[in-house]
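K.L.:
Dumping the structure here so I can ask a few things about it.
Just so it is clear, none of the values below were taken in a lab; they were calculated from the coordinates. Source: prediction; values computed, not measured. For neighbour counting, all protein chains shown are included, and Cβ atoms are generated from backbone atoms with ideal geometry for every residue, glycine included.
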Ligand SMILES: NC(=O)c1ccc[n+]([C@@H]2O[C@H](COP(=O)([O-])OP(=O)(O)OC[C@H]3O[C@@H](n4cnc5c(N)ncnc54)[C@H](OP(=O)(O)O)[C@@H]3O)[C@@H](O)[C@H]2O)c1
């Protein structure tokens, strides 16, 4: 049985709590947070506290707090034994106090809107310095997900960066597409089946194989026509930059 303390009361903390509270291999020892109201979510079945200095003993202390507070808060905690971990994609393990056993449990997923049946598919990236600590965190990560990967801090930062391209930028493309639709009074909804199909395709093909469109085909007249249709300079720049990137990937020049 792994004894766990959660520090922070936001999205990740609630997600982990919901997983751990009913898990036979985890004992939720305490939830610590500065927000009294937010602590109510946990207080019916776990002791809660707003004191970061007085912590119970646990095997793993999970700092599920804002990235910019991790270093400062981790140095305020009074931990005698156990492993301290954070859950951030872009923060190094090195910010955690060096005199403690340290680690990372990073869920590579944005948790807003995730449906319960998909939770066990969320990759959990685990890092630790010692083999023994890694084994403990690996065991805990398996309580959350079937997909546990050993990833070091540099790889995790690169993964986080890749996720911005794959997820945040592609969503911004949907937004720009929706603006074009709005300007010309066509429903964005008409594009949803196409978007769904592309998302399905990427599950079985490599992104390299899945690419389609005028830049991929080297269709210069369509590229020129599209650029002329775009009156907005920002959209023209985005269109040109992405088309050039696609063309250079497939060895064709604009
Ligand atoms: N959400 C996701 O999908 C997701 C996915 C992967 C990784 N992560 C990582 O998980 C961590 C937590 O994210 P989240 O989405 O749970 O954030 P969140 O919902 O905004 O919650 C942040 C928590 O941190 C607390 N906090 C912030 N500054 C603090 C300070 N100086 N002292 C004490 N507590 C402080 C907040 O307390 P108050 O309520 O009092 O402000 C709140 O309980 C971050 O490192 C994030 O990068 C998040």
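K.L.:
Whole angstrom only: what separates the Cα centroid of the stretch 214-238 from the Cα centroid of the stretch 65-90?
P.N.:
If you average the Cα positions of each part, the centres end up 47 Å apart.
K.L.:
Now for a separate question. Note down the relative contact order for the chain as a percent, whole number, built from C-alpha pairs under 8 angstrom at least six residues apart. Walk me through the numbers on the way to the answer.
P.N.:
Numbers: 348 pairs, mean separation 28.7, N = 254.
The value is 11 percent.
K.L.:
Here's a follow-up. Specify the angular offset, from 0 to 90 degrees and rounded to the nearest 10, of the alpha carbon long axis of helix 233-249 from the longest principal axis of the alpha carbons in the chain.
P.N.:
90
K.L.:
Here's something else I'd like to know. Test of understanding: express the Cα radius of gyration of the stretch 51-91 as a ratio to 2.2 N^0.38 Å, with N the residue count.
P.N.:
Expressed relative to 2.2 N^0.38 Å, the Cα Rg reads 1.12.
K.L.:
Something else: In degrees between 0 and 90, to the nearest 10, how far off the longest principal axis of the chain does helix 11-21 point, with axes built from Cα atoms?
P.N.:
50
K.L.:
So for the pair residue 25, residue 121, with labels modelled 7 Å out along Cα→Cβ, what separation do we get in nm?
P.N.:
Placing both labels 7 Å along Cα→Cβ, they lie 2.2 nm apart.
K.L.:
Given an 8 Å cut-off on Cα distances and at least 6 residues of separation, report the relative contact order of the stretch 100-186 as a percent.
P.N.:
Working: 81 pairs, mean separation 22.0, N = 87.
Reported as a whole number, the value is 25 percent.
K.L.:
Kindly give Rg over Rh for the chain, based on alpha-carbon atoms, with the Kirkwood expression for the hydrodynamic radius.
P.N.:
Values: Rg = 22.8 Å, Rh = 21.1 Å.
With Rh from the inverse mean 1/r over Cα pairs, Rg/Rh is 1.08.
K.L.:
Between residue 11 and residue 114, what is the label-point separation in nm under the 7 Å Cα-to-beta-carbon projection?
P.N.:
1.0
K.L.:
Oh, and also: Using alpha-carbon pairs under 8 Å, 6+ residues apart, how would you state the relative contact order of the stretch 156-249 in percent?
P.N.:
Details: 24 pairs, mean separation 17.0, N = 94.
Relative contact order for the stretch 156-249 comes out at 18 percent.
K.L.:
Compute the whole-percent fraction of alpha carbon pairs in the stretch 2-151 spaced more than 25 Å apart.
P.N.:
Numbers: 2143 of 11175 pairs.
So the pairs more than 25 Å apart make up 19 percent of the total in the stretch 2-151.
K.L.:
Which order do 192, 14, 156, 34 fall in if you start with the one that has the fewest other Cβ atoms within 10 Å?
P.N.:
Values: 192 11, 14 18, 156 23, 34 15.
If I rank by nearby Cβ atoms, fewest first, I get 192, 34, 14, 156.
K.L.:
Mind ranking 80-93, 221-234, 42-55 by how tightly packed they are, going by the mean number of other C-beta atoms within 10 angstrom, highest first? Could the numbers behind the result be given before it?
P.N.:
Working: 80-93: 19.4, 221-234: 12.0, 42-55: 13.8.
Order by mean packing, descending: 80-93, 42-55, 221-234.
K.L.:
Additional query: Using only the alpha-carbon atoms, how far is helix 192-204 inclined from the longest principal axis of the chain? Give it as 0 to 90 degrees, nearest 10.
P.N.:
Approximately 70 degrees, to the nearest 10.
K.L.:
Let me make sure I get this right: for the stretch 146-229, a, b and c are the square roots of the gyration tensor eigenvalues over alpha carbons, sorted descending. Under 1.5 in a/c it's rounded, otherwise prolate if a/b > b/c, else oblate. Which is it?
P.N.:
Numbers: a/c = 2.10, a/b = 1.83, b/c = 1.15.
Prolate shape, in that a/c is at least 1.5 and a/b is the bigger ratio.
K.L.:
Using 0.36 nm times the number of residues separating residue 155 and residue 235, minus their current alpha carbon distance, what extension gain do you get?
P.N.:
On the way: separation 80, 0.36 × 80 = 28.80 nm, distance 3.23 nm.
So the extension gain works out to 25.6 nm.
K.L.:
Same structure, new question: Regarding the stretch 110-157, what's the average projected area of the Cα-atom convex hull, expressed in nm²? Could the numbers behind the result be given before it?
P.N.:
On the way: hull surface 14.6 nm².
Here the figure is 3.6 nm², rounded to one decimal.
K.L.:
While we're here: When 3, 98 are ordered from fewest to most other Cβ atoms inside 10 Å of their Cβ, what list results? Spell out each step's value before the answer.
P.N.:
Working: 3 16, 98 7.
Arranged by neighbour count, lowest to highest, 3, 98 become 98, 3.
K.L.:
Report the label-to-label distance for residue 172 and residue 146 in nanometres (one decimal), using points 7 Å from each Cα along the Cα→Cβ vector.
P.N.:
3.5
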